[in-house]
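Chemist: Before we start, here is the structure in question, set down as structure tokens.
The values are calculated or read from the model by the stated rules, or taken from the named source; none is laboratory data. Quick caveat: nothing in here was measured; it's all calculated off a predicted structure. Cβ sites come from the backbone with ideal geometry, for glycine too, and all protein chains shown count toward neighbours.
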Amino acid sequence: MFNARYQQLADHYRTAIVPARARKPRDKAAAENAVNVVNKRVIGYLDKGEVRTTLEELNDAIDERVAEVNHDLRRADGTTRWERFTAEEQPLLGGLPATSFEEVTWKELKAGRNYHISCDCQRYSVPYRLAGPMLRVRLTSTG
């Protein structure tokens, strides 16, 4: 099972979380291979004695290496990572939500006879029919 906040993030961006099976390390091979490619082809090449004195210079060098990995290096089937992405994955992608992800906290609160709940030093009114029973309240940073 997932952490509730992780599931909220996945729901917000309309994506699925598919964890690797327990005790099945071969499920992680593709992700581990991608990390290895970045380690060798980007980080490894940046450590060749060149000195970069600003963050901008370092970011430019990283961008060059990432572009080479994605656009120039041919895979065993003759395609590049970018060609496979644009042919197979990009058409399936949806747009990002109009709002960014906002962390949500849930609390169990009870509305009093005056039809208000108190939460984090704030009082909120609720419809009269909700006074009395426990309510599940959704809290965000923006309200």
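Chemist: Out of curiosity, is GLU103 at pLDDT 85 or above and of a type in the set (Asp, Glu)? Lay out the reasoning, then the answer.
Modeler: Values: at pLDDT 85 or above: no; of a type in the set (Asp, Glu): yes.
When the stated conditions are applied, GLU103 does not pass them.
Yes/no matrix, rows are residues, columns are (1) β-branched (Val, Ile, Thr); (2) loosely packed, with under 13 Cβ neighbours inside 10 Å; (3) more than 26 Å from TYR13 (Cα to Cα):
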site	(1), (2), (3)
LYS28	no, no, no
GLY49	no, yes, yes
ILE62	yes, no, yes
THR86	yes, yes, no
GLU102	no, yes, no
SER118	no, yes, yes
ALA131	no, no, yes
VAL137	yes, no, no
THR140	yes, yes, no
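Chemist: Let me ask something else. Filter region 16-71 down to the residues that are β-branched (Val, Ile, Thr) and under 25 Å from PHE85 (Cα atoms) and list them by number.
Modeler: Once the filter is applied, which keeps residues that are β-branched (Val, Ile, Thr) and under 25 Å from PHE85 (Cα atoms), region 16-71 yields ILE17, VAL18, VAL35, VAL37, VAL38, VAL42, ILE43, ILE62, VAL66, VAL69.
Chemist: What is the number of the single condition among (1) under 30 Å from ALA4 (Cβ atoms); (2) part of a helix (DSSP H, G or I); (3) modelled with pLDDT under 90; (4) not basic (Lys, Arg) that ASN33 does not meet?
Modeler: Answer for ASN33: the failing condition is (1).
This table checks each residue for (1) over 30 Å from ARG75 (Cα atoms); (2) touching a helix residue (DSSP H, G or I) at 6+ places or on another chain (Cβ under 9 Å).
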position: LEU9; (1), (2): yes, no
position: LYS28; (1), (2): no, no
position: GLU32; (1), (2): no, yes
position: VAL35; (1), (2): no, no
position: LEU58; (1), (2): no, yes
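Chemist: Only one residue in ALA87, ALA98 is at pLDDT 90 or above, part of a loop (DSSP other than H, G, I, E, B) and of a type outside the set (S, T, N, Q), so which one is that?
Modeler: Being at pLDDT 90 or above, part of a loop (DSSP other than H, G, I, E, B) and of a type outside the set (S, T, N, Q) holds for just one of ALA87, ALA98, which is ALA98.
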